1. Does LEU94 satisfy being surrounded by 10 or more Cβ atoms within 10 Å (Cβ to Cβ), at pLDDT 90 or above and out of contact with any Asp or Glu (no Cβ under 6 Å at 6 or more places or on another chain)?
2. When the residues of segment 17-48 are filtered to those that are among the aliphatic types (A, V, I, L, M) and free of Cβ contacts under 8 Å to residues at least 24 places away in the same chain, which remaining residue is surrounded by the most Cβ atoms within 10 Å (Cβ to Cβ)?
Amino acid sequence: MLIAANWAGVDDAFIITNALDALPASDHVALRVQQAYERSAMSITLTSLTDIFAFLLGATGKLPAVRFFCIYASLSIFFIWLFHLTLYPALLALDEERKRASRADLLCCITVSSPDTSEHHDRESRIRQNGM
């Protein structure tokens with residue numbers, strides 16, 4: 001049951017993240033997150049509401065297992081939607097700040113160099129010096 005309810009809300013994260021990635025990276029992080037939500041909040045709200053109402057309609061069935069599943073799923077989708085409107089923007093902003101600071105994904109206390117610096121340039125300069 002948990003997987004089915006989470007599946008219905010995970011697409012919201014993709015929509016928001018895609019809207020954020022479409023914005024210029026040079027803008028301020030808070031402005032980018034705000035604009036991403038301005039572009040995507042209505043669509044995630046409408047899809048979440050239709051999913052909630054569809055499951056609530058299913059809760060009118062006579063079978064107790066189906067009824068309980070539909071009630072559980074509608075409540076789960078509501079809380080996932082609430083999470084996407086409250087906590088997810090803060091997590092997106094933290095992740096964008098992490099990217100700007102060149103921090104690693106999992107071990108964010110470690111700073112990583114971008115691939116176009118250090119070793120890549122050293123290797124290219126050695127190749128040019130050798131005439132290859």
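The values are calculated or read from the model by the stated rules, or taken from the named source; none is laboratory data. Note that this is a predicted model, so its numbers are computed, not measured. All Cβ positions, even for glycine, are placed from backbone atoms using ideal geometry, and neighbour counts span all protein chains on display.
1. So LEU94 fails the test.
2. Only one residue fits best here, namely ALA19.
Results for (1) exposed (fewer than 14 other Cβ atoms within 10 Å of the Cβ); (2) under 16 Å from ALA13 (Cα atoms), shown as yes or no for each residue.
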{"residue": "ILE52", "(1), (2)": "no, no"}
{"residue": "LEU57", "(1), (2)": "yes, no"}
{"residue": "PRO64", "(1), (2)": "yes, no"}
{"residue": "PHE69", "(1), (2)": "no, no"}
{"residue": "TYR72", "(1), (2)": "no, no"}
{"residue": "HIS84", "(1), (2)": "no, yes"}
